[in-house]
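One structure below.
The values are calculated or read from the model by the stated rules, or taken from the named source; none is laboratory data. Keep in mind it's a predicted model, so treat the numbers as computed, not measured. With ideal geometry, Cβ positions are generated from the backbone for all residues, glycine too; neighbour counts draw on all protein chains shown. Only protein heavy atoms, including side chains, enter the accessible area calculation; ligands, DNA and RNA are left aside. Shrake-Rupley method; radii C 1.70, N 1.55, O 1.52, S 1.80 Å.
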Amino acid sequence: MNAWKHFLTITRHRWKVRRNCWKVGLYWQGLTHDLSKYSWTEFSAGIKYYQGTRSPNSQERELNGYSLAWMHHKGRNKHHFEYWNDIDLSTKQYEPVPMPKKYFVEMVMDRIAACKIYHGKNYQDGDALDYLQKSLEAKESSSMHPKTKEDLIFVLTMLRDKGEKETFQYLKKHLLS
């Protein structure tokens, strides 16, 4: 039963991201978003740790201390800020780098869709900002480049205060044009 529920959850999520990406002109990213979730590494964890109210990766991480599915996913999907880390030649350490705009916008669409899936009819336009703020307080976003973080807070605040239509217009006109 969890296999079917997880399949429906990720498929509904992809459809929401696809629709939003297409609204701002990111057609290819809308089509290819999160295809790795259907790989056995990610899908099997989704079945095993499925809850329906949050990512199975969170449950896997809580039980095992890490999530193999998440490590697989973030390494293959450029719309996750965790993907954008590289060795800084001056410090010789891994450091976050700014996300390219098209992946940044896909990340915004991903966060909106995830909140809609997990919150259902209780979704509000401020949910993605609330989720980000909680992760910042918990220092879960410490590997996000400061410019990416600043831009994400700006866009998610706009979403909360002005809604999807105006936010999507801003993304299309000012970030992607």
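Annotations
- Theoretical gain in end-to-end length, Phe7 to Lys149 [0.36 nm per residue, Cα-Cα removed]: 48.0 nm
- What separates the Cα centres of segment 98-174 and segment 1-78 is a distance of 17 Å.
- Cα gyration tensor shape for segment 99-175, rounded if a/c is under 1.5, else prolate or oblate: oblate
- Spherically averaged projected area of the convex hull of Cα atoms, segment 1-94: 7.6 nm².
- Reference-scaled alpha-carbon Rg (2.2 N^0.38 Å with N residues) for segment 22-64: 1.46
- Applied to segment 80-89, the Karplus parametrisation 6.51 cos²θ - 1.76 cosθ + 1.60 on θ = phi - 60° returns per-residue 3J(HN,Hα) values of 9, 4, 5, 5, 8, 10, 8, 6, 7, 5 Hz, with x for Gly and Pro.
- Charging the Cβ of each Asp and Glu at -1 and of each Lys and Arg at +1, and nothing else, the dipole of segment 72-145 about its Cα centre rounds to 240 debye.
- Solvent exposure of the chain as accessible area per residue, Å², 1.4 Å probe: 58 Å²
- Unit charges at the beta carbon, dipole of the chain: most positive-side option, Trp84, Pro98, Trp15: Trp15
- What the phi angles of segment 121-127 give under the Karplus curve with 6.51, -1.76 and 1.60, with θ = phi - 60°, is a coupling list of 5, 8, 4, 9, 4, x, 5 Hz, glycine and proline written as x.
- Annotation: amide H-H contacts under 5 Å for Met99 (H modelled 1.01 Å from N, sequence separation of 5 or more, or interchain): Thr148.
- In nm, spacing of pseudo-spin labels at Tyr38 and His174 (7 Å Cα→C-beta vector): 3.6 nm
- Rolling a 1.4 Å probe across all protein chains gives Met71 an accessible area of roughly 90 Å².
- Whole-Å semi-axes of the ellipsoid equivalent to segment 31-177 (Cα gyration tensor, √5λ, descending): 24, 22, 15
- Computed label-point distance, nm, for sites Ile87 and Ser142 using a 7 Å Cα→Cβ extension: 2.2 nm
- The relative contact order of the chain comes to 21 percent, based on Cα pairs under 8 Å that sit 6 or more residues apart.
- Across segment 1-56, Cα pairs under 8 Å and at least six residues apart give a relative contact order of 40 percent.
- Protein accessible area in segment 27-117, 1.4 Å probe - carbon and sulfur %: 56 percent
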